[in-house]
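**Student:** To start, I am sharing the structure in question, which I have written as structure tokens.
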Amino acid sequence: MEILILENQRKLIENAFKAINLLYFNNQLKINYAQTSQELGAIENIEKYKLIIIDIDLSINSKKDGIAIIKDISQYNEEELKKVFVLTGSTKVKDNLKILGFQNIPVLTKPINMEEVKNLMLKILNK
Amino acid sequence: MISLTNTELIIKLLTSVLFRLLIICYAIFLLTIQTSTFSPYVYFFISLIYLMFYLVTLKKSFNFLRTIVDFIYIGLILYEKDLSIFYNIIFIVFPLLNSPNHTRTKRNPWQLYFLTIFILFILLYINTENIFSIEYVYITISLFVINLINLFEYKRSNLRNKLLNIYDEIDDFLASNHYKSSQLPHIYEIIQKKFYEEMNFNIKQIISFKIKNNGLTIKNSSIFVHHWNFGNAIQALEESSVLFNEKIQINSLENSNNIILKIQKKYIFVLFTDETNRLTPIIKFLTTFEIMIKLLEKLVSIIEFEDRLYKRKTLTLKQLNKHMNYVSVIMKSTHFLSNEFSPIASYFDLKDKYFDLKNSSDIQQIEVASQLLLILEDEEKKAKESLNNIHTKILQILNKNENPFKTKELEIVKFSVIFMVIQRLWTTKFSTTGEEIETQNFDSNSDKKCKVDIQALEFIFVDVFENVRKYSEHEKHLKFDFGTDLVIVVSNKIKEYKKNKIELDKTVTNFNNNDRIEINKRNNFGLSHIKDHTQDLDIDTSIQLDHDNKLFIMKFVIKTKD
């Protein structure tokens, strides 16, 4: 199973996800990282991932931020949004998403609470 | 219409009364130095009636009637007297000479002239019984000339009144509470309207410029100006302060029906005049130029005032900008911190999980534990790095020198200035007159000086008075003691005294304890930030509780600085 994490500061969360993969998914997950929206490539590429975790704040070089990517996914296929959740250090993101109509996307705040993240991942991946 | 103040009315009244007394005194003089037709009793009786009539009509505006009666009285006194004698004939000219003292609004310069002529002709006829004499013509001409002289004065004072009229309207507008970025456009409207209404002088536009370094900067005008070219007029203006009908360009439109005025060597006003007649505006200008120049000088002071306000506004905006930047830095920092904490939080989480697995009896779990150990060791390194990053960031934030809310601008001010600032805050906050504020030793010491940041002081007292408002019950008091140092005491009755007594005692002890300032800051016992700010300004602050009277008393001591 492939999952995608769109995150600017990979090294700050890498080990947490490695541990979650080891402890709860038997190292079955192939975790892909992308720092920019360009690395994602064509929007159709999201089909191959069973789970997409997005941090709103991406690299300076990224053409789009997390919100724009969410909008793109929504436009492409609204069903795909079901496999998305947001992981962010900013407290305003939940309100921003609500204003844009994305109130159903779960938002978890950093610092990472491994228990919360693991539960959400299980919920989405077991669907 | 020009409004007559009470002072003006009193002066007019006095001059009016004086004039009538003069007439009576001169009449008596004339009667004593020559023989008269009637007996003294008749003249006495006439004078009495004249005086009584005048007193009766004093408060009412029977101006024309009073004038007529004046002439009748003068006529009666001069009846059958020799009008070739100077001191007799001069009596008839008294009203004409007095005409500048008449009420401005009801003044008609020709009215007096014709009345004078009329009475004179009657008297002459009575004396000579000769209607057709060349004398009449000569007299008419001479009186006419006197009246002309009067007329000049009349026109000038008329013009002055018109100016005062315009000033009144401008001042009324300035005092009104219209909130606009500039009051000049409306003032230009007033000027244009008044000049047209009262002097038939049509000014189509008023455009103002400031002279700056060999160039012109546009100032507020009656139309929006984005482009201008003065051509040769610029040079001409160096030599002359007034130019007529120069060819200039405003907003890419040429205009050569104008009057250009240089005021106080710093400002230029361009008046667009009527295109139909090139000469008339010049004539109008020459007759009204006194008013015009005075008005434009007044406008210059308004322009300069607005410029100063604008400068102050930009300074305030600059400060606000600094504050906003600081807040934004803080917000970004919290974002940064949430990110950096992740490895630290994960490290401890993983450590717990590692030991759980390691101590289990399940071989598989032990195997997982050994894999987890690798991740754990890497996370430890990352956690240490994050701790370092967080430390650096926090030092940056805590460094007070970068905190714009804490900058001090100390200046030497008099005690009286501090009094005025705090008094105003108090009377505004509590909607009082200020009479209840107590002051001691004000007269002898209010000029003493101290060194404070007035804005910071205002900030502190806004806080203090807000506390008074929130926690006081009815009675509150403010006292200033201008002694060696300035001592300000704010006291109020404590709300729900019994309930708050113990907590307050604790707060007060902590507040007054100068050995615990840093701890109190951290624990935020309500008033500690007031203590913090006053410490910054070197103002001694203490609180006292008067348990008998249930009063909360806060004392501030601002030290004298020479």
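**Student:** Looking at segment B:464-487, which of the residues that are among the charged types (D, E, K, R) and surrounded by fewer than 14 Cβ atoms within 10 Å (Cβ to Cβ) is nearest to B:Lys559 (Cα to Cα)?
**Tutor:** Filtering first and then ranking leaves B:Glu466.
**Student:** Here are the criteria: (1) touching a strand residue (DSSP E or B) at 6+ places or on another chain (Cβ under 9 Å); (2) farther than 14 Å from B:Lys479 by Cβ. Tell me which single one B:Ser431 does not satisfy.
**Tutor:** Evaluating B:Ser431 over (1) touching a strand residue (DSSP E or B) at 6+ places or on another chain (Cβ under 9 Å); (2) farther than 14 Å from B:Lys479 by Cβ leaves (1) as the failure.
**Student:** Which numbered condition trips up B:Lys384, out of (1) more than 12 Å from chain A (Cβ to nearest Cβ); (2) without any contact (Cβ under 8 Å) to a residue 40 or more places away in the chain; (3) of a type in the set (Lys, Arg); (4) surrounded by 14 or more Cβ atoms within 10 Å (Cβ to Cβ)?
**Tutor:** (4)
**Student:** Now a separate question. Six or more apart or on different chains, Cβ atoms under 6 Å: show the pairs whose first residue is in segment B:432-455 and more than 28 Å from B:Glu409 (Cβ to Cβ) and whose second is basic (Lys, Arg).
**Tutor:** These pairs meet every condition: B:Glu438/B:Lys479.
**Student:** Another question, if that's okay. Condition check: under 17 Å from A:Pro111 (Cβ atoms), surrounded by 13 or more Cβ atoms within 10 Å (Cβ to Cβ), of a type outside the set (Val, Ile, Thr) and within 14 Å of chain A (Cβ to nearest Cβ). Does B:Lys393 satisfy that?
**Tutor:** yes
**Student:** Give the residue, chosen from B:Ile10, B:Ile28, that is outside any loop (DSSP other than H, G, I, E, B), modelled with pLDDT under 90 and either hydrophobic (A, V, I, L, M, F, W, C) or more than 46 Å from the chain's Cα centre (by Cα) (or both).
**Tutor:** None of the other options fit; the residue is B:Ile10.
**Student:** Scan segment A:3-14 and report the pairs whose first residue is free of Cβ contacts under 8 Å to residues at least 40 places away in the same chain and more than 7 Å from chain B (Cβ to nearest Cβ) and whose second residue is surrounded by fewer than 24 Cβ atoms within 10 Å (Cβ to Cβ) and of a type in the set (Phe, Trp, Tyr), with Cβ atoms within less than 9 Å and a gap of 6+ or a chain change.
**Tutor:** A:Arg10/A:Tyr33; A:Glu14/A:Tyr33
**Student:** Another question about this same structure. Could you list, ordered by first residue, the pairs with Cβ atoms under 6 Å in which the first is in segment A:107-127 and basic (Lys, Arg) and the second is assigned to a helix (DSSP H, G or I), at least 6 apart or interchain?
**Tutor:** Cβ pairs passing all conditions: A:Lys110/B:Ser338; A:Lys110/B:Asn339; A:Lys110/B:Ser342; A:Lys118/A:Ile20; A:Lys118/A:Tyr24.
**Student:** State whether one or more residues within segment B:173-191 are part of a loop (DSSP other than H, G, I, E, B), touching a residue at least 12 places away in the same chain (Cβ under 8 Å) and of a type in the set (Lys, Arg).
**Tutor:** No, segment B:173-191 contains no residue that is part of a loop (DSSP other than H, G, I, E, B), touching a residue at least 12 places away in the same chain (Cβ under 8 Å) and of a type in the set (Lys, Arg).
**Student:** Among residues belonging to segment A:61-93 that are within 14 Å of another protein chain (Cβ to nearest Cβ) and hydrophobic (A, V, I, L, M, F, W, C), point out the one that is farthest from A:Asn45 (Cα to Cα).
**Tutor:** Top of the filtered list is A:Val93.
Every residue, every condition in (1) closer than 21 Å to B:Lys180 by Cα; (2) among the basic types (Lys, Arg), yes or no:
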site	(1), (2)
B:Lys311	yes, yes
B:Leu315	yes, no
B:Gln319	no, no
B:Met324	no, no
B:Val329	no, no
B:Ser333	no, no
B:Ser342	no, no
B:Asp349	no, no
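This table checks each residue for (1) exposed (fewer than 14 other Cβ atoms within 10 Å of the Cβ); (2) in contact with a Pro (Cβ under 7 Å, 6 or more places away or on another chain); (3) of a type in the set (Asp, Glu).
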| position | (1), (2), (3) |
| --- | --- |
| B:Leu123 | no, no, no |
| B:Ser142 | yes, no, no |
| B:Val145 | yes, no, no |
| B:Leu151 | no, yes, no |
| B:Ile166 | no, no, no |
| B:Lys180 | yes, no, no |
| B:Ile187 | no, no, no |
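**Student:** Working carefully through the options B:Ser360, B:Ser346, B:Ser338, find the one that is within 13 Å of chain A (Cβ to nearest Cβ), of a type outside the set (Lys, Arg) and part of a loop (DSSP other than H, G, I, E, B).
**Tutor:** Criteria check complete, one pass: B:Ser360.
**Student:** Also, I was wondering about something else. Looking at this structure, is B:Glu275 in contact with a Leu (Cβ under 7 Å, 6 or more places away or on another chain) and outside any strand (DSSP E or B)?
**Tutor:** It is false that B:Glu275 is in contact with a Leu (Cβ under 7 Å, 6 or more places away or on another chain) and outside any strand (DSSP E or B).
**Student:** Which residue, of B:Met331, B:Met324, is modelled with pLDDT under 85 and more than 10 Å from every other protein chain (Cβ to nearest Cβ)?
**Tutor:** Of B:Met331, B:Met324, the one residue that is modelled with pLDDT under 85 and more than 10 Å from every other protein chain (Cβ to nearest Cβ) is B:Met324.
**Student:** Moving on to the next point. If I filter segment B:433-450 down to residues being within 12 Å of B:Val487 (Cβ to Cβ) and among the polar types (S, T, N, Q), which single residue comes out as surrounded by the most Cβ atoms within 10 Å (Cβ to Cβ)?
**Tutor:** The residue in question is B:Asn445.
**Student:** Can you tell me which residue in segment A:94-121 is surrounded by the fewest Cβ atoms within 10 Å (Cβ to Cβ), limited to those that are among the aliphatic types (A, V, I, L, M) and more than 14 Å from chain B (Cβ to nearest Cβ)?
**Tutor:** So, considering only residues that are among the aliphatic types (A, V, I, L, M) and more than 14 Å from chain B (Cβ to nearest Cβ), the one surrounded by the fewest Cβ atoms within 10 Å (Cβ to Cβ) is A:Ile99.
**Student:** Still on this structure, I have one more. Being free of Cβ contacts under 8 Å to residues at least 12 places away in the same chain, of a type outside the set (Val, Ile, Thr), out of contact with any Phe, Trp or Tyr (no Cβ under 9 Å at 6 or more places or on another chain) and buried (at least 17 other Cβ atoms within 10 Å of the Cβ) is the requirement here; does A:Leu40 meet it?
**Tutor:** Spelling it out, it is not the case that A:Leu40 is free of Cβ contacts under 8 Å to residues at least 12 places away in the same chain, of a type outside the set (Val, Ile, Thr), out of contact with any Phe, Trp or Tyr (no Cβ under 9 Å at 6 or more places or on another chain) and buried (at least 17 other Cβ atoms within 10 Å of the Cβ).
**Student:** Check A:Asn32 against each of (1) outside any helix (DSSP H, G or I); (2) in contact with a Leu (Cβ under 6 Å, 6 or more places away or on another chain); (3) within 13 Å of chain B (Cβ to nearest Cβ) and name the one condition it does not meet.
**Tutor:** With (1) outside any helix (DSSP H, G or I); (2) in contact with a Leu (Cβ under 6 Å, 6 or more places away or on another chain); (3) within 13 Å of chain B (Cβ to nearest Cβ) applied to A:Asn32, the lone miss is (3).
**Student:** Under 7 Å by Cβ, and 6 or more places apart or on different chains, what pairs join a residue from segment B:139-156 that is under 23 Å from B:Tyr125 (Cα atoms) with one that is polar (S, T, N, Q)?
**Tutor:** Within 7 Å, the pairs are B:Leu143/B:Thr116.
The values are calculated or read from the model by the stated rules, or taken from the named source; none is laboratory data. What you are looking at is a predicted structure, and each value in this text was computed from that prediction instead of being measured. With ideal geometry, Cβ positions are generated from the backbone for all residues, glycine too; neighbour counts draw on all protein chains shown.
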